[in-house]
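Novice: I have a structure here, written as structure tokens, and I will follow up with some questions on it.
The values are calculated or read from the model by the stated rules, or taken from the named source; none is laboratory data. Keep in mind the model is a prediction, meaning the values are calculated, not measured. Cβ placement follows ideal geometry from the backbone for every residue including glycine, while neighbour counts extend to all protein chains displayed.
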Amino acid sequence: MLEAAWLIPAFPLAGFILLVAFGRQLGEPLSGWLATLASAGAFIATVVVYAGLVVEPTEERFFILKLYTWVESGSFSADVGLLIDPLAVTMALFITGVGTMIHLYSIGYMHGDPKYSTFFMYLNLFITSMLLLVLGDNLLLTFLGWEGVGACSYLLISFWFTDESNATAGKKAFVTNRIGDFGFMLATFIVFTQIGSIRYTDILTRAPEISTFAATLIVVLFLLAAAGKSAQLPLYVWLPDAMAGPTPVSALIHAATMVTSGIFLLTRLNPVLAEAELWSRGLIAWVGALTALLAATIAVAQTDIKKVLAYSTVSQLGYLFLAVGVGGYVGAIFHMVTHAFFKALLFLGSGSVIHGLHDEQDLRRMGGLARFMPVTAFTFIIGWLAIAGVPPFSGFWSKDEILLFAWNADEIGGKALWAIGLVTALLTAFYMTRLVILTFLGRTRFFDVTTDEIDRAVEARLDGARAEITAAEEAKATADGEAEKALADIAKREEALDKARLTARESTAEVAASTPDADGYDKLVKAMDRATKAIPKAETALIKANEKSLEAARAVHAAQEHVEAMGGGLDALAAESPPRPPPVVTARTPATPVGELADYLPDSYTRRQDQRPHESPWTMTLPLLILAFFAVLAGAVNLPFTSDLHILEHWLEPSLFGHEAEVAASAATKWLLAIVAVVVGVVAVVAAFAVYLRGRGSAEDVEQDVFANAWYIDASYATFMGGPGRRMFELAAWFDRTVVDGLVMGTASTLVQAGRGLRMTQPGFVRSYALGIGVGAAFVMVWFLGRLFA
Amino acid sequence: MEVTETWYLVLSAVLFAIGFTGLLVRRNPLVMFMCVELMLNAVNISFVAFSDALDDLAGQTAVFFVLVVAAAEVVVGLSIVVAVLRRGPAMTADDLSSLRG
Amino acid sequence: MVDVIVFVIAAAIILGGAFGVVLNSNPVRAALSLIGSFFGVAVVFILQEAHFLALVQIVVYAGAIVVLFLFVIMLLGVDRAEDLSVEPLAGQRAAGVAVGALVLALVLGGLFLSGPGGDEGAVALTGQQAATQPLDRNESDVDQLANDLFTRNVLAFEATALLLTIATVGAVVLVKNQGAEDLVVDEPGEAAS
């Protein structure tokens, strides 16, 4: 049965190849189902292999399946072969198991995406690479898988690469990983020089041959590699940015599988770690502990649901490193398995939330979703309880195991490590509770107005006011026109009046100058009458004109006042600062009042009022339920009460070569530590409820800026790389160009110069050659003569 | 005073030196060839001088052969000169420098 | 006494002719000086009682070889004078004269500083006895030479015959055919083109 082990990586590889060839034609959702089936096939094969391994007696659970010889070069040989032992099978089980569920989940999640089949192609390739990584029987094959998962991570993070920031995140992940890969390669070389082989069978059994110095160096270099891959200080910066990828990617790669490669590597090489100096293992533990603490502080202040989970992952990985460093390999694997379940569960749950809210990821816009997405909420809460370390959920057992080993590791400051672990556990419980409250409980802030919408409404209102001012100014201009016309009218009427008076006087004078019996006297009298009657008409007209002018002036004045009022209104509006949603939010934060802006709010707001967050389809909720089931029960594989219940520990013995640390604490101490851990967890949960659900205390004080900005580490890296870093690189480039290239080219050019010099001896002229012959002949004669005097 | 073979040998040496110098100094290929003939003649004189001084016929036999071979050499050499100087009558030995490195 | 005078005159002719060859800018004149030199050499041969060789010298060298030279000179039209004042190769002239003088000095030095060897004081330049064939002064040298050539040195003799054949063939091959138009041949009745 164990010979079928090659099927484990073969299924997803076949899936990958089929999707490369036919993916586009299969389309949605067939390509998704094909990929899921491939992954499920791998899982079934793994179960079969597991069954085959379990029936073997414990000492013989170490099986090499050689597929073919890959490199055979002098004393160096590496095969493509699989090493089947409990450690590898454990990893393979949860990789394929969780992987299959994520494949299923993605069928629903990626619905409608134009690159649907490409996504599944990458996922299958990822599973293949990851399986090669854990099943490989030599460091080269593991490195192949290592690089493969790095490449798939890059492809999947920048899956939606049309958005520049996604592409940058992918590049950042790849480059940061690469720094670790450098450590991996150097360590492999050193292993080869020490042991002469890179097969695990050789390394693990002959580890005592490695000198302590070399072993320490190997451990430190592999730690560098693991820090890159598993996102520890200082190379963790890529993981939060990796959230730019689709959520299933975050769940699979950055929670359950790829990021555990580092811990797997260190656990696999535990004999080498045992040969190294103690401080190197201490370094592993301290790096892990500090990373865990740092990441937990940052997670407290994050507002993006996925970023909280990302920093949480970094923190939990720190726990795993801590476990490895203090010699608790079983604890590390145990926590790795439980973490895989509950972290994948949390990520997929967050994906479901994001999906239900139509791609909203900001915590401040969530809340009260429990009544809209009951299944998601239920499973998410189970995940929360697991990670917070609440018994009897799985997370409690595994985390407790690690803290016990930390307490035990006195040579490397175990008590301090324990304290850091405890504080981290407190913060973990706190921020996870905050996450649950802000997402699922309290008021549904989804319908609230956003800052962006308020800004747009304010702008719209100002624009309206400005339009009104323009209209008022136009009205004033019209009124001015009217007033002028009225004045002109008055002038005309005055003229008319003067003319009428003049005409009247003239005709009166004519009549007076004439006699009644002269010719035309009647006409003159009539003219005089007419002229006399015209005067009052003209006067009336003038009065009317005056009145009109007065009215027009009043109208102008009114228009002017209107404009000023409008202008004042605009200034008032501009000076007004309507309330906006606060940056720090609790479940009690009231909705931002909209007030007068209601008429100006954009369409997105009005449309949203009619939307309802909805639960996800069965392809997404089924995996959630399955994972929740395991998150509850996974603790059963390694309960601490009696030795019989240490199933995982006994199972992993063949892979650990007895390098598991001995815990020298009494049962009472163990109970005490466990109780302390539980109390701390409960206190944290209660505190979080107080701050975020009841609104007591100040949430702003908790969420410090320095946490929200990730301790400004990213910014400092950028400054360093831009400044001194760049100068270092340029120095290295100069060295390569001038010294190294100079040596090589210099050798060549020296030879060329020598050749040019020698060319001088061949001028081509016969007479020069004759001269040469003559000189030679003279030499010969001199030699002969020399014999005379010898 | 008698003419001993030393006189002939000195004459031969001087003639040889003149021919050699001429070979190095002149540029016209034909004149260079004539200088070669001078050198051969100088050697002939010294061969005959030794033959006379040592009562040995081998010297004269040697001169005979030198003469014949010089004739053959002149034939071939002049045909080469002709083949080369077809390029132009003003060619000198310096223009034949295609073996230049 | 007579020998001395004849020798001195012959030497003067030889050296005069040699200088003429080296110093004449006109190759035709150089060839004629060469002939004079050859005559001097023949006289020297006769002084040393190598009569056959003197004859052969005249006939072959002066009569055939120099004539061949003159043919080529005239054929190729290189009878123009060479410009002796300019020396394109730097230092060649000085080096040439120096080497020539050096060679002369070395030969004369070797001549006067060495002796027959053995235990008489002066050391021999070479210690090897070369091929010897006694010379009888009473027989004619033609007979002796012929005797020697056709018995002891017959292989060399035949080889030289072969050499002459090869030289002739080689000469024909070398000068044939590439650009026969270089040679201007006057046809009777045609104006020279």
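Novice: Considering only residues that are outside any helix (DSSP H, G or I) and among the hydroxyl-bearing types (S, T, Y), look in segment A:216-250 and name the one that is nearest to the chain's Cα centre (by Cα).
Specialist: Looking at residues that are outside any helix (DSSP H, G or I) and among the hydroxyl-bearing types (S, T, Y), I get A:Y236.
Novice: Say we look at segment B:67-86 and pick out the residues that are touching a residue at least 40 places away in the same chain (Cβ under 8 Å) and more than 7 Å from every other protein chain (Cβ to nearest Cβ); which of these is nearest to the chain's Cα centre (by Cα)?
Specialist: Filtering segment B:67-86 for residues that are touching a residue at least 40 places away in the same chain (Cβ under 8 Å) and more than 7 Å from every other protein chain (Cβ to nearest Cβ), the one nearest to the chain's Cα centre (by Cα) comes out as B:G77.
Novice: Give the residue that is surrounded by the most Cβ atoms within 10 Å (Cβ to Cβ), with candidates limited to residues of segment A:726-746 that are more than 30 Å from A:S716 (Cα to Cα) and not hydroxyl-bearing (S, T, Y).
Specialist: A:G742
Novice: Same structure again: Check A:L224, A:L269 and return the single one that is closer than 18 Å to A:A92 by Cα and out of contact with any strand residue (DSSP E or B) (no Cβ under 9 Å at 6 or more places or on another chain).
Specialist: So the residue among A:L224, A:L269 that is closer than 18 Å to A:A92 by Cα and out of contact with any strand residue (DSSP E or B) (no Cβ under 9 Å at 6 or more places or on another chain) is A:L269.
Novice: Got at least one residue in segment A:313-323 being crowded, with 24+ Cβ neighbours inside 10 Å, in contact with a Pro (Cβ under 9 Å, 6 or more places away or on another chain) and not hydrophobic (A, V, I, L, M, F, W, C)?
Specialist: No, the conditions are met nowhere in segment A:313-323.
Novice: Can you tell me which residue in segment C:37-52 is farthest from the chain's Cα centre (by Cα), limited to those that are within 7 Å of chain B (Cβ to nearest Cβ) and of a type in the set (V, I, T)?
Specialist: Here the residue is C:V44.
Novice: Exactly one of (1) over 30 Å from A:A538 (Cα atoms); (2) in contact with an Asp or Glu (Cβ under 7 Å, 6 or more places away or on another chain) is unmet by A:L497. Its number?
Specialist: Only one criterion is unmet by A:L497, namely (1).
Novice: Which one of C:L104, C:L34, C:L55 is closer than 27 Å to B:S79 by Cα, facing chain B (nearest Cβ under 7 Å), within 25 Å of the chain's Cα centre (by Cα) and modelled with pLDDT of 90 or more?
Specialist: Exactly one of C:L104, C:L34, C:L55 is closer than 27 Å to B:S79 by Cα, facing chain B (nearest Cβ under 7 Å), within 25 Å of the chain's Cα centre (by Cα) and modelled with pLDDT of 90 or more, namely C:L34.
Novice: For segment B:17-36, check the following and say yes or no: at least one residue is small (G, A, S), surrounded by fewer than 23 Cβ atoms within 10 Å (Cβ to Cβ) and part of a helix (DSSP H, G or I).
Specialist: Checked against the condition, which is being small (G, A, S), surrounded by fewer than 23 Cβ atoms within 10 Å (Cβ to Cβ) and part of a helix (DSSP H, G or I), segment B:17-36 yields no hits at all.
Novice: Test C:I65 against the criterion of being within 7 Å of chain B (Cβ to nearest Cβ) and assigned to a helix (DSSP H, G or I), and give yes or no.
Specialist: yes
Novice: Can you tell me which residue within segment A:162-190, out of those that are of a type in the set (A, V, I, L, M) and in contact with a helix residue (DSSP H, G or I) (Cβ under 6 Å, 6 or more places away or on another chain), is nearest to A:E72 (Cα to Cα)?
Specialist: A:I190
Novice: Now, a different point. Do we have any residue at all in segment C:11-26 that's surrounded by 23 or more Cβ atoms within 10 Å (Cβ to Cβ) and more than 8 Å from chain B (Cβ to nearest Cβ)?
Specialist: The answer is yes, given that some residue of segment C:11-26 is surrounded by 23 or more Cβ atoms within 10 Å (Cβ to Cβ) and more than 8 Å from chain B (Cβ to nearest Cβ).
Results for (1) at pLDDT below 85; (2) in contact with a Leu (Cβ under 7 Å, 6 or more places away or on another chain), shown as yes or no for each residue.
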{"position": "A:F334", "(1), (2)": "no, yes"}
{"position": "A:H358", "(1), (2)": "yes, no"}
{"position": "A:R365", "(1), (2)": "yes, no"}
{"position": "A:G368", "(1), (2)": "yes, yes"}
{"position": "A:T379", "(1), (2)": "no, yes"}
{"position": "A:A386", "(1), (2)": "no, no"}
{"position": "A:D410", "(1), (2)": "yes, no"}
{"position": "A:G413", "(1), (2)": "yes, no"}
{"position": "A:T424", "(1), (2)": "no, yes"}
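Novice: Could I ask something else about it? Select from segment A:517-534 the residues that are in a helix (DSSP H, G or I) and not basic (K, R) and list them in ascending order.
Specialist: Result: A:Y521, A:D522, A:L524, A:V525, A:A527, A:M528, A:D529, A:A531, A:T532, A:A534.
Novice: Looking only at residues that are surrounded by fewer than 24 Cβ atoms within 10 Å (Cβ to Cβ) and farther than 21 Å from A:Y311 by Cβ in segment A:370-381, which one is nearest to the chain's Cα centre (by Cα)?
Specialist: A:A377
Novice: Would you please list the contacts, defined by Cβ atoms under 7 Å and residues six or more apart or on different chains, that run from a residue in segment A:199-224 that is closer than 21 Å to A:V287 by Cβ to a residue that is part of a helix (DSSP H, G or I) and of a type in the set (S, T, Y)?
Specialist: Within 7 Å, the pairs are A:T216/A:S280; A:V219/A:S280; A:V220/A:S280.
Novice: Moving to a separate point now. Is it the case, given these coordinates, that C:V6 is farther than 30 Å from C:N147 by Cβ and more than 7 Å from chain B (Cβ to nearest Cβ)?
Specialist: No: the conditions fail for C:V6.
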